[in-house]
Amino acid sequence: MAAATYPPPPPYYRLYKDYLQDPKSAPPPPPPVEGTYVCFGSSYTTDDVLPSLEEQGVRQLYPKGPNIDFKKELRSLNRDLLLHILELADVLVSRPSQYARRVEDISLIFKNLHHLLNSLRPHQARATLVHILELQIQRRKQAVEDIKRRREEAQKLLKESLGAFEAH
């Protein structure tokens with residue numbers, strides 16, 4: 001019994017056999033996927049929306065609404081996390097059988113921290129893009145200044161050589 005190293009190509013490769021002679025003979029690409037789709041048994045969506053904690057079945061520990069002070073809430077959750085870790089250490093020493101609730105509380109705090117940080121991702125992406133564009137503008141201005149400087153140097157050399165030529 002012989003086994004192929006690679007599987008055969010999909011049958012639609014024949015649609016592209018005359019592509020080199022006539023690129024317009026190939027069929028157009030399929031349209032992009034819109035909405036939800038299934039891949040490897042899991043359902044995905046093309047909408048880039050961060051699901052709320054409630055949609056994920058997690059209790060939200062910080063206030064709801066559009067005007068969240070991220071810095072304040074992240075610090076508060078960080079302090080709560082430190083407190084719960086100390087409580088977990090205390091429980092592990094004094095009552096080791098009751099650690100599960102503390103671990104669940106720590107997990108909840110981590111999920112809330114993670115969600116708050118993920119909600120800052122669009123702002124981070126915009127700030128990064130602005131920074132990249134500012135750097136590009138700065139580099140282009142420097143290139144223009146360099147070109148102007150070199151042009152002036154070339155004009156000066158031309159005037160000097162023309163003056164030397166006329167003097168002889």
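The values are calculated or read from the model by the stated rules, or taken from the named source; none is laboratory data. This structure is a prediction, so every number in the text was calculated from the model and none was measured. A quick note on method: Cβ atoms are made from the backbone with ideal geometry, for glycine too, and the neighbour counts reach across all protein chains shown. Only protein heavy atoms, including side chains, enter the accessible area calculation; ligands, DNA and RNA are left aside. Shrake-Rupley method; radii C 1.70, N 1.55, O 1.52, S 1.80 Å.
Within straight-line reach of residue 111, meaning a Cα separation under 18 Å, sit the following aspartates and glutamates at least 8 residues removed in sequence or on another chain: 54, 55, 69, 73, 80.
For the range 105-168, the average shadow cast by the Cα convex hull is 5.5 nm², which is a quarter of the hull's surface.
Set the Förster radius R0 to 25 Å, insert the Cβ-Cβ distance between residue 4 and residue 38 as r into 1/(1 + (r/R0)^6), and round the FRET efficiency to 0.05. In this case the efficiency is close to 0.30. Coupling constants for the range 153-168 follow from the phi torsions by the Karplus curve (6.51 cos²θ - 1.76 cosθ + 1.60, θ = phi - 60°), and in residue order they are 4, 5, 5, 5, 5, 5, 5, 5, 5, 5, x, 5, 5, 5, 5, 8 Hz; glycine and proline get x. Here the range 1-47 is treated as an ellipsoid with the same Cα gyration tensor; its semi-axes, largest first and in whole Å, are 29, 24, 6. Placing dummy labels 7 Å off each Cα toward the beta-carbon, the span from residue 52 to residue 167 is 8.4 nm.
Probing with 1.4 Å while keeping every protein chain in the model, the per residue accessible area of the chain equals 89 Å².
In order along the range 82-98, the phi-based Karplus estimate (6.51 cos²θ - 1.76 cosθ + 1.60, θ = phi - 60°) of 3J(HN,Hα) comes to 4, 4, 5, 5, 5, 4, 4, 4, 5, 5, 5, 7, 8, 9, x, 6, 9 Hz; Gly and Pro are listed as x.
Residues in the range 109-115 carry Karplus couplings, in order, of 5, 4, 5, 5, 4, 4, 5 Hz; the curve used is 6.51 cos²θ - 1.76 cosθ + 1.60 with θ = phi - 60°, and Gly or Pro positions show x. Of the residues 82, 120, 135, the one that moves most in a GNM of the chain with alpha-carbon contacts below 10 Å is 135.
Hey, if you drop one equal point scatterer on each alpha-carbon of the range 20-112 and run the Debye formula without solvent, what base-10 log of I(q)/I(0) do you get at q = 0.13, 0.15, 0.18 Å⁻¹? With no solvent term, the Cα-only Debye profile gives -0.70, -0.82, -0.96.
Rg and Dmax over the alpha-carbon atoms of the chain stand at 32.0, 104 Å.
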